[in-house]
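The values are calculated or read from the model by the stated rules, or taken from the named source; none is laboratory data. Keep in mind that what you see is a predicted model, and the values were worked out from it rather than measured. Using ideal geometry, Cβ is built from the backbone for each residue, glycine included, and neighbour counts are taken over all protein chains shown. Ligands, DNA and RNA are stripped out before the accessible areas are found, and what is left, the full protein with its side chains, is counted by its heavy atoms. Shrake-Rupley method; radii C 1.70, N 1.55, O 1.52, S 1.80 Å.
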Amino acid sequence: MATTEQAPASPTADLVDRLAHPSDDEVAVLDAWWRANNYLTVGQIYLLDNPLLREPLASSHIKPRLLGHWGTSPGLSFVYAHASRLIQQTNQQMIYLAGPGHGGPALVAASYLEDSYTETYPAVTQDGAGMRRLFRQFSSPGGIPSHVSVPTPGSIHEGGELGYVLVHAFGAVMDNPDLVALAVVGDGEAETGPLEGSWKGISFLNPARDGAVLPILHLNGAKIAGPTVLARKDPAEVRALLEGHGYEVLEVEGDDLPGMHHRFAEVLAKAWGRIREIQEEARGGDWDGRRPRWPLIVLRTPKGWTGPDVVDGVQVSGTWRAHQVPLSGIKGNDDHLRILEEWLRSYRPEELFDDEGRPHELVRRANPEGDLRMSATPHANGGRLTVDLDLPDFRDYAVDVTAPARERVESTRRLGEMMRDIYRRNPHTFRLFCPDETNSNRLGAVFEVSDRGFAERVTDDDVALSRDGRVMEVLSEHNCHGWLEGYTLTGRHGWFATYEAFAMVSASQTIQHSKWLEEAEHLDWRARVPSLNILLTSTAWRNDHNGFSHQGPGLIQNVITQRGSVGRVYLPPDANTLLSVADHCIRSRSYVNLVVIDKQPQLQWLSMEDAEAHCARGAGIWDWAGNDDGTADPDIVLACAGDVVTMEIVAAAAILRERLPQLRTRVVNVVDLLTLPRPKDHPHGMDETAFQELFTDHVDVVFAFHGYPGAIHQLVHGRPDADRFRVRGFIEEGTTTTPFDMVVRNRASRYHLVMDAINNARRTPAGASDLKAWCQQQLAEHQGYVVEHLQDPPDLQEWVLGDWAEEG
Ligand SMILES: Cc1ncc(C[n+]2csc(CCOP(=O)(O)OP(=O)(O)O)c2C)c(N)n1
């Protein structure tokens with residue numbers, strides 16, 4: 001049986017010529033497989049019963065709700081059939097990504113014809129009963145979704161939210177030299193921002209070390225309700241656009257058969273031959289180092305090709321009307337029923353399936369063998385290929401903390417050093433993806449081991465930039481995020497590091513990927529893949545040098561709002577907690593780990609030993625910061641999650657300790673935000689006893705939070721007396737100003753927190769009013785000071801904790 005162990009063939013002239021000119025027999029096989037696939041596609045959309053049309057079609061055979069997308073499907077399966085023929089003759093490992101993933105029935109049908117569907121879901125047998133089940137389950141309650149979704153064997157790309165097909169394809173082939181990702185781009189999809197930006201993937205690909213992406217721009221002319229831009233452009237403009245991105249454009253157009261089989265086979269052969277030539281040249285050491293002109297196919301076929309031409313006197317095929325279900329209202333409309341039957345019979349199912357309903361030998365001959373079938377490629381079930389990273393000991397990068405809050409360190413710099421050594425130990429399975437900010441995010445130590453990867457021209461002014469680099473910097477959060485998704489879904493590991501505010505650019509990808517992982521959890525056959533790790537630095541609180549555009553902690557909200565167990569949010573307050581959290585994340589599987597910490601010099605709180613213990617619990621009392629002396633009954637709990645606000649809470653506790661010592665405070669720091677909800681709401685949720693040990697069940701909690709305050713209310717919902725949580729957080733205040741002014745403007749400064757503590761404490765010790773007045777005065781003075789001196793007062797800039805913390 002052929003496997004992915006075998007190397008792909010060399011692109012000899014003979015082989016390419018043979019591929020380019022299929023014999024009549026080969027065309028018959030291609031065409032039979034394609035007809036079978038189209039038949040199964042239409043069957044999935046329409047049929048409840050009578051799958052093999054053994055009796056005349058009756059309205060009782062039609063599904064009550066017709067849900068699915070026909071228009072894109074015949075084009076998708078046409079490409080699939082030809083790619084399978086190529087694989088058979090070349091042993092090329094290929095993965096198929098359908099940009100218009102709404103063509104789900106076509107890819108499900110392909111898997112069924114290739115047997116991998118039955119291998120994965122034995123109840124869907126290769127006979128009439130299995131076909132009936134295949135049809136009934138599609139787009140049905142309790143069945144499968146309409147897209148190329150997680151349950152579809154061979155898929156790493158659902159294609160529900162359009163725009164990401166190329167980013168996934170490029171991520172899949174990085175460090176994957178034997179893989180060709182065939183990526184069908186919808187012409188509607190090509191109008192999206194992410195897709196438009198993703199043509200640039202080839203500017204980052206290294207043919208010696210990476211695999212290849214073969215984009216097929218499918219200009220079927222229309223989207224849901226109108227024409228597409230690229231389909232209506234002069235073809236010369238489309239060509240110029242794509243050539244401008246660096247591709248060699250190969251074009252095929254038509255709907256004539258068998259002519260289209262011949263013409264498409266020819267361009268596909270040419271494209272594959274070119275890819276392999278580029279690779280062999282680069283791998284043979286014969287490469288001039290210039291970015292190759294990779295092939296790209298523009299395929300022009302009618303939308304809804306082979307489907308009903310005219311319905312009710314209106315043109316359907318070749319128009320937007322073919323997008324979903326071209327014949328609706330079939331029940332009670334004999335004319336539509338007749339058209340549907342004619343349409344199904346036009347594929348001559350009796351030639352395609354035997355008496356039992358099994359695909360005929362003619363059809364089966366089109367299938368590659370074993371793992372080379374695109375619906376069975378191990379690359380699409382990347383967890384099966386995942387090798388654990390060889391990781392250094394994170395403790396080796398620790399900051400030496402002998403007492404809390406004495407020294408300021410750029411915490412992410414330590415993480416950069418750890419990443420450097422992960423790169424060093426894992427030269428093929430780990431990458432950092434970052435929109436041009438690796439240095440800015442203080443992760444630049446990685447450049448000691450790897451350059452930035454770049455396939456375009458490099459000049460003498462460039463630093464750490466070369467075609468061999470594996471740090472991926474492109475100024476596109478969509479590309480970075482999507483590449484990492486493709487990289488991890490095919491079994492490798494990495495981080496996406498970005499400015500916090502601009503993580504919202506790709507927030508939708510974070511959500512979509514979470515949904516994918518969530519669904520995959522329910523499928524035993526999908527092995528768990530490395531987690532998607534997102535590091536947010538340059539956070540809202542320390543974007544004081546940037547305008548009112550660089551502050552946006554909203555991704556936290558997105559992640560905690562996702563259903564289920566996939567999302568994780570960590571807010572390490574210093575370097576040692578960051579290292580511990582990062583080690584945990586990079587070892588984990590199938591999560592979306594969001595880690596939020598600023599890159600600026602910041603106070604260090606915990607020794608490595610304490611940090612590890614604190615991170616293992618996820619949240620804990622910092623008894624050295626409060627003064628309740630372990631009583632179960634403090635007057636107020638001061639809680640914090642996030643680096644800057646942790647400093648403000650500890651500073652507030654210090655003020656209270658000094659100026660209102662009778663008030664008994666307890667300080668709680670939360671690193672793992674998802675310890676806050678109840679265990680039934682998230683697997684990290686603390687049990688009730690642990691929650692009460694930290695927050696009691698009756699004392700008010702002043703909670704200083706890194707993100708939007710609503711997030712904490714959402715998380716503690718259902719905890720005892722959740723109303724007692726008074727949350728301060730980012731409330732969309734602050735523009736270019738000083739660091740301390742940011743917390744003042746957002747009413748989360750130490751002075752605000754002291755006043756909150758007094759206002760909500762169970763007792764009001766003597767002197768409380770005076771202290772509140774003092775806080776107001778400090779705030780008034782601050783306002784005057786920053787406007788006059790254009791910086792924070794030195795005592796605030798250099799604030800450290802007094803000696804009592806050690807003694808306490
Ligand atoms: C980002 C996004 N916006 C809108 C949609 C809704 N939508 C689903 S299909 C479709 C048209 C797709 O057209 P195209 O990419 O050309 O695919 P095809 O014509 O092959 O079906 C649209 C707008 C979507 N799925 N994703």
Inset, instruction - Sort out for me the Cα centre separation of the range 532-573 from the range 319-372, rounded to whole Å. - result: 48 Å
Inset, instruction - Indicate the gyration tensor shape class of the range 423-474 (rounded, prolate or oblate), computed on the Cα atoms with a ≥ b ≥ c the square roots of the eigenvalues: a/c under 1.5 is rounded; otherwise a/b larger than b/c is prolate and the rest oblate. - result: oblate
Legend entry - Whole-angstrom gap from the range 705-759 to the range 467-516, using each part's C-alpha centre: 30 Å
Inset, instruction - Might you report the magnitude of the Cβ-based charge dipole of the range 675-808 about its Cα centre, with Lys and Arg at +1 and Asp and Glu at -1, to the nearest 20 debye? - result: 560 debye
Legend entry - Charge dipole (the chain, unit charges on Cβ, about Cα centre) - positive-most of THR386, GLN714, ASN479: GLN714
Legend entry - Residue-averaged 222 nm ellipticity for the chain, from DSSP H runs of 4+ at -39500 (n - 2.57), nearest 500: -11000 deg cm²/dmol
Inset, instruction - Determine the shape class of the range 91-183: with a ≥ b ≥ c the square roots of the Cα gyration tensor eigenvalues, call it rounded for a/c under 1.5, and otherwise prolate if a/b is greater than b/c, oblate otherwise. - result: oblate
Legend entry - ³J(HN,Hα), Karplus 6.51/-1.76/1.60, whole Hz, each residue of the range 617-622, x for Gly, Pro: 7, x, 7, x, 7, 9
Legend entry - 3J(HN,Hα) from dihedral phi, the range 408-414, Karplus parametrisation 6.51/-1.76/1.60, rounded to Hz, x for glycine, proline: 9, 9, 7, 4, 5, 4, 5
Legend entry - Surface accessible to a 1.4 Å probe, per residue, for the residues of the range 565-659, Å²: 25 Å²
Inset, instruction - Express as a percent, rounded to the nearest 5, the fraction of DSSP beta bridges in the chain (both residues included) that run antiparallel. - result: 20 percent
Legend entry - Relative contact order [Cα under 8 Å, 6+ residues apart], the chain, whole percent: 11 percent
Legend entry - Amide H contacts under 5 Å for ILE144, placed H, 5+ residues apart: PHE138, SER139
Legend entry - Accessible surface of the range 35-163, 1.4 Å probe, proportion on carbon and sulfur as whole %: 52 percent
Inset, instruction - May I ask which residue of THR402, SER149, SER198 lies farthest towards the positive end of the charge dipole of the chain, with charges of +1 (Lys, Arg) and -1 (Asp, Glu) on Cβ and the Cα centre as origin? - result: SER149
Inset, instruction - Find the accessible area per residue for the range 245-384; the probe is 1.4 Å, ligands and nucleic acids are left out, and the unit is Å². - result: 42 Å²
Legend entry - Two-decimal Rg/Rh across the range 176-288, once Rg and the Kirkwood Rh are taken from alpha-carbon atoms: 0.99
Inset, instruction - Could you tell me which of rounded, prolate or oblate describes the chain, using a ≥ b ≥ c as the square roots of the eigenvalues of the alpha-carbon gyration tensor, with rounded for a/c under 1.5 and, failing that, prolate when a/b is larger than b/c and oblate otherwise? - result: prolate
Inset, instruction - May I ask you to derive the relative contact order of the range 557-664, considering only C-alpha pairs under 8 Å and at least 6 residues apart, and to give it as an integer percent? - result: 28 percent
Inset, instruction - Take the Cβ-Cβ distance between ASN333 and LEU257 as r, set R0 to 51 Å, and report the resulting FRET efficiency rounded to the nearest 0.05. - result: 0.95
Inset, instruction - First compute the accessible area of the range 511-662 with a 1.4 Å probe, then give the percent of it belonging to carbon and sulfur atoms. - result: 46 percent
Inset, instruction - Step through the residues of the range 281-288 one at a time and calculate ³J(HN,Hα) from phi using the Karplus curve (6.51 cos²θ - 1.76 cosθ + 1.60, θ = phi - 60°), rounding each to whole Hz and writing x for Gly and Pro. - result: 4, 5, 7, x, x, 10, 10, 7
Legend entry - Label zone at ASP288 (point 7 Å along Cα-to-Cβ), backbone N below 18 Å, the range 448-484: 455-459, 467
Legend entry - Helix 507-520 vs. the chain, principal-axis angle (Cα, 0 to 90°, nearest 10): 70 degrees
Inset, instruction - Quick one: pull the percent of accessible area on the range 417-461 belonging to carbon and sulfur, 1.4 Å probe, ligands and nucleic acids left out. - result: 40 percent
Inset, instruction - Pop a pseudo-label 7 angstrom from the Cα along the beta-carbon direction at both ARG358 and ARG587 and give the gap in nm to one decimal. - result: 4.9 nm
Legend entry - Of LYS63/LYS680; LYS515/LYS680; LYS200/LYS223; LYS599/LYS772; LYS223/LYS515, pairs whose Cα-Cα distance is over 30 Å: LYS63/LYS680; LYS599/LYS772
